[in-house]
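Take a look at the structure below.
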Amino acid sequence: MRSLFIIALLACTSVGVHAQSVNTELNQFIDAWHKAAAEANEKRFFDAIADNGIYIGTDATERWTKEEFLKYAKPYFDKGKAWTFIPRDRDLHVTSEGNFAWFSELLTTRMGTCRGSGILRKTPAGWKIEQYHLSVTVPNDAMKDFITLMESFRQKQSK
């Protein structure tokens, strides 16, 4: 009976160590992706996105395929600095099979605090971003002012 308990304890410990290892791997992957943008490393940044990956930006018109996003972002990368997102408070989850992960994170950006969320898939070539969604956060206490600002913006656009 004691040996069964030890085997079960070792199995649980092994699963926990593996999960921690995967989380570390994923956090390093996402951090490296953000760093690639800050360093304008176009190849490393776009290689991290799956061929059929989608990037959703802060503007309602920004739902890009990988190719569309590359076309949009290329001038920024060509200038030597795309954008700098400093992640914090990341919440990461992995399927029990270990082949998909999803996350959300807060980001310090030139726009203030933003939220990024994404879906990752493990491929033979490593993890790939299937979808990333960037959004601007609006504090609840500022929502009324934000709504007023957006109404004013829409009125100007319709003229």
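The values are calculated or read from the model by the stated rules, or taken from the named source; none is laboratory data. Computed from a prediction, not measured in an experiment: that's the story for all the values here. Ideal geometry is used to build each Cβ from the backbone, glycine not excepted, and the neighbour counts take in all protein chains shown.
Of the residues making up region 85-92, not a single one is surrounded by 13 or more Cβ atoms within 10 Å (Cβ to Cβ), aliphatic (A, V, I, L, M) and not in a strand (DSSP E or B). For region 125-149, the set of residues classified as more than 15 Å from Leu26 (Cα to Cα), loosely packed, with under 11 Cβ neighbours inside 10 Å and not β-branched (Val, Ile, Thr) consists of Pro139, Asn140, Asp141, Met143, Lys144, listed by residue number. Of note, Ala82 does not satisfy the criterion of being assigned to a strand (DSSP E or B), of a type in the set (Gly, Ala, Ser) and either modelled with pLDDT under 95 or on the phi < 0 side of the Ramachandran plot (or both). Restricting attention to region 68-79, the residues that are touching a strand residue (DSSP E or B) at 6+ places or on another chain (Cβ under 9 Å) and either in a loop (DSSP other than H, G, I, E, B) or more than 17 Å from Ala38 (Cα to Cα) (or both) add up to 2.
Here is the figure for region 57-73: residues that are out of contact with any helix residue (DSSP H, G or I) (no Cβ under 7 Å at 6 or more places or on another chain) and among the aromatic types (Phe, Trp, Tyr) total 2.
Remark: pairs (first residue in region 71-92, free of Cβ contacts under 8 Å to residues at least 60 places away in the same chain and among the hydrophobic types (A, V, I, L, M, F, W, C); second residue crowded, with 16+ Cβ neighbours inside 10 Å and in a helix (DSSP H, G or I); Cβ separation under 6 Å; 6+ apart in sequence or on different chains) = Phe77/Glu42; Ala82/Ala37; Trp83/Ala37; Phe85/His34. When region 42-67 is filtered for residues that are in contact (Cβ under 8 Å) with a residue 12 or more places away in the chain and part of a helix (DSSP H, G or I), the ones remaining, listed by number, are Glu42, Arg44, Phe45, Phe46, Lys66.
Taking the conditions exactly as written (surrounded by fewer than 13 Cβ atoms within 10 Å (Cβ to Cβ) and modelled with pLDDT of 95 or more), does Lys66 satisfy them or not? No.
I'd like the full set of residues that are under 20 Å from Leu26 (Cβ atoms) and surrounded by 14 or more Cβ atoms within 10 Å (Cβ to Cβ), limited to region 93-113. Matches in region 93-113: Val94, Phe100, Ala101, Trp102, Phe103, Ser104, Glu105, Leu106, Leu107. Please tell me if Gln20 is out of contact with any Phe, Trp or Tyr (no Cβ under 9 Å at 6 or more places or on another chain), loosely packed, with under 11 Cβ neighbours inside 10 Å and not in a strand (DSSP E or B). The answer is yes for Gln20.
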